[in-house]
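What follows is a set of notes on a single structure, which appears directly below.
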Amino acid sequence: MSIKSTMMNFQLTLPTMLERLGQFFPDVEIVSRMPDKSLHRSNYGQVHQRAKRLASALTKAGINQGECVATLMWNHYAHLEAYMGIPVMGGVIHTLNLRLSPEDIAYIANHAEDKILIVDDVLLPLYEQFKADVNFSKVIVVPLSGAAVSDEYINYEDFLASGDGDFDYPMIDENAPAGMCYTSGTTGRPKGVVYSHRSTVLHCFAEAMQDTLAISQHDVVTPVVPMFHANAWGLPYTSVMVGAKQVFPGPHLDAESLLDLYEAEQVTLSAGVPTIWMAIKQAREAQPNRWKTAANMRMAVGGSAVPESLFRAFDAFDMKIIQAWGMTETSPLATLGGIQNSLAGLDKDAQYKYRIKQGVPLPFVEVRIVNDEGVVQPWDGVAQGDAELRGPWVTGAYHKNEGADDKFSDDGWLKTGDVCNIDR
């Protein structure tokens, strides 16, 4: 007789994460920079209750499990409420990239068959550029500016008030869709990547590990990377899971606004693309004694290669760059740079040569490089090939199966389109 596992079949879903948040971390602050640059303060207790009200209101509005609710929003408290409230009622949060053209945004919303839109009032001028080309059953406006919401739309606060705070979560399978993002910057039309509850939760566990971003309840986390781009690299969800304070920059992404926020809230971890950090470097060099940021503040940097000079400059500011690599298709974190224990004895100059690399794959993410003939190449630091990935939070297809022929290998690996070599 073969032995069977005795472990419970416990589903990895976001309702469990939201309930944990309300139970153990209700007083942890959420800080949001508003359009007028004032700071809005709430906490996880409010996020817990308001996300449940949003879930209830969406259910009453006729959103069914597996249907998309779109957001057109900056990084702030209400977007975090949507991050949690839409998936826990079985819906799919579809974050629209406000930096795309109105034509592309309309195409993406129609392709995803979005049912409802939640939009910042300050982004209504953008919405109005493509609203004739889309067909949402409801448009819900978040009144960030304090101005009255037109009768043409639904006030977000009124919509929440229509929901029940004691909302009962439906049964959700861990492999059910939770979120959706579309690729950008690639050839052809954007393609949809659909994240499951399971993939999102597992990505959170990996991101929180000590050897990755080491996110804990003791951290103060600022995602500069937009929440409309690859789930803000997973930081909002991981911070929710561990109970870390979150500080959102809203639309103010200039160096001085960010540094003021980092200092005021003593941010310990932030994330963004290199252009953000180049601007912050210039600001700090111009006024070296102006800002007192948290000691050894960590900065996850991805989107393009980071020059060694930027690592050295931020080390001098007591701010540590962590090289990250990933894609919309990888939820997005796939590899992370750093110094392995076996290399810790190297001098600083030698360590920089490793820190600028894309690093080591996260646990359960597998990487290989394949040449033009389809032959897997050795990890000798010389042989080059196309990077291919697989793992539990790596997409195995695109929404409506578009692009399947050229983006996935015959044996199921994701073709990243990046050419690289791998050293031992």
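What follows draws every value from the coordinates through simple rules; no lab data is involved. Model, not experiment: these values are computed from the prediction. Neighbour counts are summed over all protein chains in view; Cβ atoms, including those assigned to glycine, are modelled from backbone coordinates with ideal geometry.
Tabulated data
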item	result
Full-stretch length increase - Asp418, Lys320 - with 0.36 nm per residue and alpha-carbon distance subtracted	32.7 nm
Cα pair distances in the chain, grouped into 10 Å bins until the bin that holds the longest one, percent each	4, 21, 32, 26, 13, 3, 0, 0
Lys, Arg +1 and Asp, Glu -1 on Cβ, resulting dipole of the range 365-424 about Cα centre, debye, nearest 20	260 debye
³J(HN,Hα) computed for each position of the range 141-158 - Karplus, 6.51 cos²θ - 1.76 cosθ + 1.60, integer Hz, glycine/proline x	10, 8, x, 5, 7, x, 6, 5, 8, 4, 4, 5, 10, 9, 5, 3, 5, 5
Cleavage-rule hits, trypsin sites (Lys or Arg not before Pro), the range 66-146, DSSP coil, Cβ neighbours within 10 Å at most 13	Arg99
Of His399, Gln384, Cys420, farthest towards positive along the dipole that unit charges on Lys, Arg, Asp, Glu beta carbons give the range 365-424	His399
Amide H contacts under 5 Å for Met297, placed H, 5+ residues apart	Lys320
Most mobile listed residue (Ser270, Ser32, Ser101) in the chain, GNM with C-alpha springs under 10 Å	Ser101
DSSP beta bridge pairing in the range 204-364, given as percent antiparallel to the nearest 5	25 percent
For the chain, calculated [θ]222 nm from helices alone, where every DSSP H run of n ≥ 4 adds -39500 (n - 2.57)	-8500 deg cm²/dmol
Euclidean distance between Cα centres, the range 132-172 to the range 239-257, Å	23 Å
Two-site FRET efficiency, Ser150 against Ser2, from Cβ-Cβ distance with R₀ of 60 Å, rounded to 0.05	0.40
Cα-based Rg / Dmax (Å) for the range 365-424	11.9, 38
Separation of alpha-carbon centers, the range 9-72 and the range 358-403, rounded to whole Å	34 Å
Proxy reagent accessibility, fewest Cβ within 10 Å first, across Glu174, Glu402, Glu373	Glu373, Glu402, Glu174
Residues Asp36 and Gln384, FRET efficiency given R0 of 51 Å [Cβ-Cβ distance, rounded to 0.05]	0.50
GNM top mover of Met34, Met89, Met209 - the chain, alpha-carbon springs below 10 Å	Met209
Selected from Gln282, Pro251, Ala148, residue furthest toward positive end of dipole (the chain; charges at beta carbon)	Gln282
Highest-fluctuation residue, His399, His76, His229 considered, GNM on the chain with Cα pairs under 10 Å	His399
Cα-based convex hull, the range 66-213, per residue volume (Å³, whole number)	141 Å³
Å³ per residue enclosed by the Cα convex hull of the range 204-364	107 Å³
